[in-house]
Structure formats: C-alpha cells, structure tokens
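Here is the structure we will look at.
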Amino acid sequence: MLKSELIERAARFRSAEGDPSRSLSDCPALVLNADYTPLSYYPLSLWPWQTAIKAVVLERVDIISSYERAVHSPNWTMQIPSVIALRQYVKPSEFPAFTRFNLFLRDRFSCQYCGSPHNLTFDHVVPRRLGGRTSWENILTACAPCNLRKGGRTPKQANMPPLVQPIRPTSWQLQERGRGFPPNYLHETWRDWLYWDIELEE
Ligand SMILES: [Zn+2]
C-alpha cells in the first residue's frame, strides 16, 4: 500500500465527529490484552458493544475508555466501552495459522514477484509437480499475471526471482506486519493504543 494512502486513511479518523448520535452498531470496543497492546492489529481486535458489555459485567475486562453513548437497563446505565483491556493476559501462540489471510499479510498483500497489489493469488515457488510443498516456505503471494507467466516452473527456470524468500513468520512478526494496515475507521479513543502515527513518521 502506498504511504500516501495510509496517511489519507489516518487523516479520516482525526476528523471523526462526536459520539452521541452514533448508532449502537457503530460502537465496537477495541480489545487490548492485559499488557495493553491490541489483541490483533489486522484485522483490528474489535468486539461488538454487546460482547464488550457482557465481558464488563462478568468482570473479565476493565474499561479504559468509553463512548458518550450509553445503554440503559431498569437497574443501571452504562456508557458503551470504546477501549477495554482483558484482566488475564492471553499468550499469543508462537506461530500463526497457515491461512490465506495470514499468508497475504506476511507478503503485505502484494505480489512477491512484481509488487502489484491487484489480482492476488498464490504461487508454489517450487511447483507441486516438482515436489514443492504447500507450506509457508514454498508459497508466495503472486498476482495472476505473474502466476500465469511463471507457470509450472521454478523461479530460476522462469527467471523470476522472488523479491523476498518466503519464511514461516512468528506471530510477533505477523502482528508487526499488521500494524502497517490501519482500518478505515478508528475511534479517537483508540489512538493511544495503536501506533500507526509512529509508523507513518518513519
Ligand atoms: Zn506480479
């Protein structure tokens, strides 16, 4: 993704309007781990307001920040939480699952042969018919044209060296990758817990 596009996206949330008229479905809570880092950056860890309030009632989370919008029951009124933190630390597994999404994220949603972000699919670096496995180390994100051009050949045979050699990422590496992709909408109370601004200044 282009840097200018990221800046554009980040700018949009800065001008976000006030809360009270916000509809309930637009009030998700940003979920932080017990160490106050987001459970996940991309997709951003968000819970719908009902789930967030249930977790508050069950004392599984602390409210860090709230929307102005409140919900009422006969016995209580609660401002809808906008940022919550788990009381118990959830240890992320060391290695992420081998999924389409995670693979795209590892490769920053770009073709690993030409860099294009369009028409993405997957490529076996060493083709299956030559014994190539379907694994982190042998699958790359590739655009359809590159995939077609490479065909059933190795990168060497096709004279198409990958921009980056595929590796099995750790969960931490993948989270770092995810920080490069701010979502379309960020509530102002989330800013302190996310670091996209810092990313942008790099
Ligand atoms: Zn390509």
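Would you calculate, for the chain, the mean residue ellipticity at 222 nm contributed by helices, counting each DSSP H stretch of 4 or more residues as -39,500 (n - 2.57) and dividing by all residues, to the nearest 500? Theoretical 222 nm ellipticity from helices: -7000 deg cm²/dmol. Applied to region 45-56, the Karplus parametrisation 6.51 cos²θ - 1.76 cosθ + 1.60 on θ = phi - 60° returns per-residue 3J(HN,Hα) values of 6, 10, 10, x, 4, 4, 5, 5, 5, 4, 5, 5 Hz, with x for Gly and Pro.
All C-alpha to C-alpha distances of the chain, sorted into 10 Å bins beginning at zero, yield P(r) values of 8, 28, 27, 20, 12, 4, 1, 0 percent in whole numbers. Using a probe of 1.4 angstrom and keeping all protein chains present, the accessible surface of the chain works out to 59 square angstrom per residue. Amide H contacts of Y67 (H built 1.01 Å from N, in plane; Pro and chain starts excluded): I80, S82 sit under 5 Å, all sequence-distant by 5 or more or on other chains. Scanning residues 5 or more positions from T121 or on other chains, those with amide H under 5 Å from its amide H are A142, C143, A144, with H placed 1.01 Å from N in the peptide plane.
Legend: Rg and Dmax of region 33-105, from Cα coordinates, 14.9, 48 Å.
In order along region 181-195, the phi-based Karplus estimate (6.51 cos²θ - 1.76 cosθ + 1.60, θ = phi - 60°) of 3J(HN,Hα) comes to 10, x, x, 5, 10, 10, 5, 4, 6, 7, 4, 5, 9, 10, 10 Hz; Gly and Pro are listed as x. Dipole size of the chain about its Cα centre, with +1 on Lys/Arg Cβ and -1 on Asp/Glu Cβ: approximately 1240 debye, rounded to the nearest 20.
If you roll a 1.4 angstrom probe over the protein chains with everything in place, what fraction of the accessible area of region 92-190 belongs to carbon and sulfur, to the nearest %? Answer for region 92-190: carbon and sulfur cover 54 percent of the accessible area.
A simple charge model with +1 on the Cβ of Lys and Arg, -1 on the Cβ of Asp and Glu and nothing else charged puts the dipole of region 59-118 at about 160 debye relative to its Cα centre. Between region 122-189 and region 65-105, the alpha-carbon centres lie 29 Å apart. Tell me which of W76, Q165, V56 sits at the most positive position along the dipole axis of the chain, charges placed on C-beta atoms (Lys, Arg +1; Asp, Glu -1). It is Q165. Among 84-91, 123-130, sorting by the average number of other beta carbon atoms lying within 10 angstrom of each residue, highest first, gives 123-130, 84-91. The string of couplings for region 129-141 from the Karplus curve (6.51, -1.76, 1.60, θ = phi - 60°) is 5, 9, x, x, 9, 8, 8, 3, 7, 10, 10, 10, 6 Hz, one whole number per residue in order, with x for Gly and Pro. Net length available on complete extension from C114 to T134 is 5.1 nm, with 0.36 nm assigned per residue and the Cα-Cα distance removed.
The values are calculated or read from the model by the stated rules, or taken from the named source; none is laboratory data. Quick caveat, the model's predicted, so the values are computed rather than measured. Cβ coordinates were reconstructed from backbone atoms using ideal geometry, including for glycine residues, and neighbour counts include every protein chain displayed. The protein model used for the area step is the full one, side chains on, heavy atoms only, and it has no ligands, DNA or RNA in it. Shrake-Rupley method; radii C 1.70, N 1.55, O 1.52, S 1.80 Å.
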